[in-house]
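The values are calculated or read from the model by the stated rules, or taken from the named source; none is laboratory data. As the structure is a computational prediction, the values presented were derived from the model and not from experiment. A quick note on method: Cβ atoms are made from the backbone with ideal geometry, for glycine too, and the neighbour counts reach across all protein chains shown. Note: accessible area is taken over every heavy atom of the protein model, side chains too, but ligands, DNA and RNA are not part of it. Shrake-Rupley method; radii C 1.70, N 1.55, O 1.52, S 1.80 Å.
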Amino acid sequence: MMKKLKKTAQGSRYMRSALLAFVCWFSMPVSAATVYINDFQSAVGTGWSSADNTIGITQAPNTDFVRKFLGEFSNGTVSLSLTGLPEHVSTTVSFSLYLIRSWDGNATAIANGDPLGPDHWTLNVGGGPTLLNTTFSNGGSVGQAYAPSPFAAGCTGYNLSGLPSGEYNPMTGASECYSLGYTFSSPDVTNEAMDSVYELSFAFAHTGGSLMLNFGANGLQGIADESWGLDNVKVAVSPVPVPAAVWLFGSGLLGLIGVARRNRISANKETED
Ligand SMILES: [Ca+2]
Ligand SMILES: [Ca+2]
C-alpha cells in the first residue's frame, strides 16, 4: 500500500513538471518580427516606386560622415510595397525623415507669384489609415503644424511669438537640425544652413500578407528650394496573440496541476500515517 502511494506521488510530480513546461511554452511572449529594414547606405533594393521614377540614393553633403538616404523628393508619392508578410495583427513603421532647405510650414504668402506653402508631408497606408498629414517649417517666421506627442521642443531654439493655436515653432520635435549639410540662399542670407531630421514611428492595426506605405509631399516649391528624403526605414509586424481558447486550455491545465498537487499532498499524508 505504502509503495503504491509513493509511486502515485512521484507520477504526479512528473505530470506537474510536464504540464508546467507546456503552459510556460504557450505563455512565452512572442516579439515583433522585422519584415523590412534599409539604411540606404548601399542600395535602394526592391519595393520602392514613385510616379515620376525619382527613386534613388543621395549622399548628404556634410562630409563629417557618410550618410546616404532615399531621395531627394519633391511633390508626389513615394511608395514602399511589401508582400509575403507573416500572419500578424499590427504593424509598426519607423524611419528618419530628412527635410531639406526652406520648408515653409503653414505659410500662405505668395512670393514672385509662387505660394510659399503650406508645405505638407503625409504618410498613409494603402487602403488604410492616414498616419500623418502635417506641415513642417525649417525656419523663418512661420510655424508648422507638426509637434510630437508627447510634446518635445526639438533642437532649434526657435521661439516665435504670437503663433496661432495648433501652430508650433519651426523644427519642433526635430531630433537633429543643420546636421545634413544643406544650405539655402535667400536675398537676406547666403548659404544659410537649413535642414532637419525627424525620427518618426507609427503603429497601426493591419492584417494580410501585403502592405503599401505611401510617403508624400504636396504644396512644395521647386526641389532646389525644398525637398525631403527617407532613411533607416524599418517595418515590423506583431504576431497573432495566443488565442483565447489556448489560454482557457492553459487555465484548465493549471487546474489539473492543482488537483495533482492536492493528490500528492494527501498521498504523502497517508504514507506518513
Ligand atoms: Ca543612410
Ligand atoms: Ca514652400
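For the range 126-147, check the following and say yes or no: at least one residue is surrounded by 19 or more Cβ atoms within 10 Å (Cβ to Cβ) and away from ligand 2 (no atom under 16 Å from the Cβ). No, there is no match, as no residue in the range 126-147 is surrounded by 19 or more Cβ atoms within 10 Å (Cβ to Cβ) and away from ligand 2 (no atom under 16 Å from the Cβ). Restricting attention to the range 137-148 and to residues that are at pLDDT 95 or above and in a loop (DSSP other than H, G, I, E, B), the residue that is farthest from residue 108 (Cα to Cα) turns out to be 148. Scanning the range 41-64 for residues that are assigned to a loop (DSSP other than H, G, I, E, B) and either touching a helix residue (DSSP H, G or I) at 6+ places or on another chain (Cβ under 7 Å) or open to solvent by less than 70 Å² (accessible area, probe 1.4 Å) (or both) yields a total of 11.
In the range 71-83, the residue that is nearest to residue 204 (Cα to Cα) out of those that are part of a loop (DSSP other than H, G, I, E, B) and open to solvent by 50 Å² or more (accessible area, probe 1.4 Å) is 83. Among the residues of the range 84-125 satisfying the criterion of being within 16 Å of ligand 1 (Cβ to nearest atom) and closer than 30 Å to residue 207 by Cα, which is surrounded by the fewest Cβ atoms within 10 Å (Cβ to Cβ)? Step by step, filter the range 84-125, then rank; the result is 94. Filtered by the rule that a residue be assigned to a loop (DSSP other than H, G, I, E, B) and open to solvent by 50 Å² or more (accessible area, probe 1.4 Å), the range 164-187 gives 164, 165, 175, 178, 185, 187.
Tell me yes or no: at least one residue of the range 199-218 is within 16 Å of ligand 2 (Cβ to nearest atom), open to solvent by less than 50 Å² (accessible area, probe 1.4 Å) and outside any strand (DSSP E or B). Checked against the condition, which is being within 16 Å of ligand 2 (Cβ to nearest atom), open to solvent by less than 50 Å² (accessible area, probe 1.4 Å) and outside any strand (DSSP E or B), the range 199-218 yields no hits at all.
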